[in-house]
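Reviewing the structure listed below.
The values are calculated or read from the model by the stated rules, or taken from the named source; none is laboratory data. These numbers were taken from a predicted model, which means no experiment stands behind them. Virtual Cβ from ideal backbone geometry, glycine too; neighbours counted across all protein chains shown. For the accessible areas, the whole protein counts, side chains as well, though only heavy atoms, and no ligand, DNA or RNA atoms are used. Shrake-Rupley method; radii C 1.70, N 1.55, O 1.52, S 1.80 Å.
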Amino acid sequence: MRTCRLRLNSIKKLSTIALALGVERTRTELLPFLTDTIYDEDEVLLALAEQLGNFTGLVGGPDFAHCLLPPLESLATVEETVVRDKAVESLRQISQEHTPVALEAHFVPLVKRLASGDWFTSRTSACGLFSVCYPRASNAVKAEIRQHFRSLCSDDTPMVRRAAASKLGEFAKVLELDSVKTEIVPLFTNLASDEQDSVRLLAVEACVSIAQLLSQDDLEALVMPTLRQAAEDKSWRVRYMVADKFSELQKAVGPKIALSDLIPAFQSLLRDCEAEVRAAAAHKVRELCENLPTEGRETVIMNQILPYIKELVSDTNQHVKSALASVIMGLSTVLGKENTIEHLLPLFLAQLKDECPEVRLNIISNLDCVNEVIGIRQLSQSLLPAIVELAEDAKWRVRLAIIEYMPLLAGQLGVEFFDEKLNSLCMAWLVDHVPVYAIREAATNNLMKLVQKFGTEWAQNTIVPKVLVMANDPNYLHRMTTLFCINALSEACGKEITTKQMLPIVLKMAGDQVANVRFNVAKSLQKIGPILDTNALQGEVKPVLQKLGQDEDMDVKYFAQEAISVSCLGIKRNRREKPLLNSYHRSLVNVFLPWVEKNGNLQDLIQANGNNIEEIRFQ
């Protein structure tokens, strides 16, 4: 292993070695040595293939670029796929540095040798090289190149046919139009009906490039029968590829053929028996509708697309529903206000009430699309009640997801509407009825983002007073939430509000009966310290921290001394002192440590259940 690492480091410094040897010795000594010793670990060979792609200048420039071909040819035949791919990438790069004469003299023979190699590895590598040498070759050589490519498309080995199918579209782009019609289209037809579905699905991808090169008449006669067949292929993987490439196919064939041929095919894909195919097609609904001709688009969508969308809203597979929910909101901008209110809003509402959280979140995250079309009032009357219902969901993870989207929703609704409809909801999350730390933490971060969005004046009048009232809550978790909010809001609200409104509350809470609250006071003072001026630090913060530094609870004492040190209040602290565990923490560790070592990390377990280690403590 160590020897392999040394060889790898040597290969990565190959350019330095070449510079030291000079161009002549690099050509005559280094490259032959690399060619003869090509058998090594795959990691080393991969690095070598990458290095050689940038070696032209080190062998004397473009006139000597052909010297790099022998080692790369060997690398293009190895068994490891990533090494071959990197060698082909480097060969493609070097081919551009050959003159037309050198290309035919050195590069094209290499391609021919690879294309006629005994092992499938060399033939698969050859497939990626035809398109880079064909444009600059003479007519006679071009004919030979096309013949070799045709042979690879009908190779006995499926891996070679796959490689040829994956490069068919790329090769078609550099061919003359007559050659595309007489040679490439028949190859496409044969590959699209190959016995291996892995070959057929790659032919679908090539169809996009081929369709862009042909006229409408040629498309209808030469390509569309094969494409229609692919949309109904017996393999779901092929149908999936058609659905995945549908927007590109739609643009490539043009609006006329899209309406006559692709819309019926799309309808079939939306009702496919395989969920993966339906999901892929659902992802393309918005793009399909937007790419339709403006004239008559609304009629096509309403009559030929929307009925199928309505079926997918209640699909049995959650991935299909989620895929649809991620794009369906965008249809409102295509269909306009009246159709959105009459036909789309009921679908949005149904998805907001879907049992799958991802479906609901995809709808919420795209509300701005609908807001632009129907207006905030209509939106609030139709969808907001469902959002509020989700915000009070019994499952805390659902509530958590809604909280995380609240800043986005607030930005879409505006400050006045937010204060009227959602402000109280955001404050209620701070004292969540189920004691889940993750909810309160997210609610705290939510307030910070809202302040950043609506400004400090709004915070001072609307948020800060409500937060500070919680300092007197009987539940110590809610009192701690006050401190967490202050930590988050202090920077956003600025020095004046922090000093005048927040600091007095924090200092008052230093006398709390619960040790958890007291040591969080120390942490809060450390957090807001940089915002306060020197007078407040020395006159108000320092005495409180000194008192907490003498607290009977060791954790409170530690965090107070930590805050004193970090806040630079001039109080000496023993640097060797480490955090101490109180008796509860020690018992927790002693009881659960053997179980934790066997089953996993305690912190991960606690957070997975929505709590925080600091809250796992008795009053």
> Can you tell me how many residues in region 50-73 are crowded, with 18+ Cβ neighbours inside 10 Å and either within 18 Å of Thr124 (Cα to Cα) or in contact with a strand residue (DSSP E or B) (Cβ under 7 Å, 6 or more places away or on another chain) (or both)?
Replying inline: 4
>> Just to verify a result, which residue in region 415-436, among those that are open to solvent by 30 Å² or more (accessible area, probe 1.4 Å) and not in a helix (DSSP H, G or I), is modelled with the lowest pLDDT?
In response: Val434
> What tally of residues in region 368-395 results from selecting those that are part of a loop (DSSP other than H, G, I, E, B), hydrophobic (A, V, I, L, M, F, W, C) and open to solvent by 40 Å² or more (accessible area, probe 1.4 Å)?
Replying inline: 1
> Which condition number in (1) open to solvent by 40 Å² or more (accessible area, probe 1.4 Å); (2) on the phi > 0 side of the Ramachandran plot is the one that Ala20 fails?
Replying inline: (2)
>> Suppose we filter Asn475, Asn487 for residues that are within 25 Å of Ala410 (Cβ to Cβ) and within 41 Å of the chain's Cα centre (by Cα); which single one remains?
In response: Asn487
> Got at least one residue in region 102-115 being touching a Cys at 6+ places or on another chain (Cβ under 7 Å), among the aromatic types (Phe, Trp, Tyr) and over 20 Å from Arg161 (Cα atoms)?
Replying inline: yes
> Which of (1) of a type in the set (D, E, K, R); (2) at pLDDT 85 or above; (3) open to solvent by 80 Å² or more (accessible area, probe 1.4 Å); (4) part of a helix (DSSP H, G or I) does Arg84 not meet, given it meets every other one?
Replying inline: (3)
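Is it the case that some residue within region 31-44 is part of a helix (DSSP H, G or I), of a type in the set (Ser, Thr, Tyr), modelled with pLDDT of 85 or more and under 30 Å from Met159 (Cα atoms)?
From region 31-44, those part of a helix (DSSP H, G or I) are 31-36, 42-44; that's our starting set.
Cutting the leftovers down to of a type in the set (Ser, Thr, Tyr) gives us 35.
When the remaining residues are screened for being modelled with pLDDT of 85 or more, the result is none.
No, because not a single residue in region 31-44 is part of a helix (DSSP H, G or I), of a type in the set (Ser, Thr, Tyr), modelled with pLDDT of 85 or more and under 30 Å from Met159 (Cα atoms).
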>> Just to check your reading of the model, which residue among Val204, Val108 is surrounded by 23 or more Cβ atoms within 10 Å (Cβ to Cβ) and under 27 Å from Asp233 (Cα atoms)?
In response: Val204
>> Step by step: first the residues of region 92-101, then only those that are open to solvent by less than 30 Å² (accessible area, probe 1.4 Å) and either in contact (Cβ under 8 Å) with a residue 40 or more places away in the chain or outside any helix (DSSP H, G or I) (or both), then the one that is farthest from Ala47 (Cα to Cα). Which residue is that?
In response: His98
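Looking only at residues in region 127-164 that are touching a residue at least 40 places away in the same chain (Cβ under 8 Å) and either open to solvent by less than 10 Å² (accessible area, probe 1.4 Å) or not in a helix (DSSP H, G or I) (or both), which one is nearest to Ala102 (Cα to Cα)?
Tyr134
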> Only one residue in Thr499, Thr482 is surrounded by 18 or more Cβ atoms within 10 Å (Cβ to Cβ) and within 16 Å of Asn516 (Cβ to Cβ). Which one?
Replying inline: Thr482
> Which is among the β-branched types (Val, Ile, Thr), modelled with pLDDT of 75 or more and under 15 Å from Leu384 (Cβ atoms), of Ile439, Ile402?
Replying inline: Ile402
> Which of the residues spanning region 333-346 are closer than 19 Å to Glu287 by Cα and either among the hydroxyl-bearing types (Ser, Thr, Tyr) or open to solvent by less than 20 Å² (accessible area, probe 1.4 Å) (or both)?
Replying inline: Thr333, Leu335, Thr340, Leu344
>> Consider region 502-536. How many of its residues are crowded, with 17+ Cβ neighbours inside 10 Å, more than 19 Å from Val556 (Cα to Cα) and not small (Gly, Ala, Ser)?
In response: 3
> Which of the residues spanning region 167-191 are in contact (Cβ under 8 Å) with a residue 40 or more places away in the chain and buried (at least 18 other Cβ atoms within 10 Å of the Cβ)?
Replying inline: Lys167, Leu168, Gly169, Phe171, Ala172, Leu175, Lys181
> Quick one: Arg360 ticks every box in (1) farther than 30 Å from Lys256 by Cα; (2) surrounded by fewer than 14 Cβ atoms within 10 Å (Cβ to Cβ) bar one, so which box is it?
Replying inline: (2)
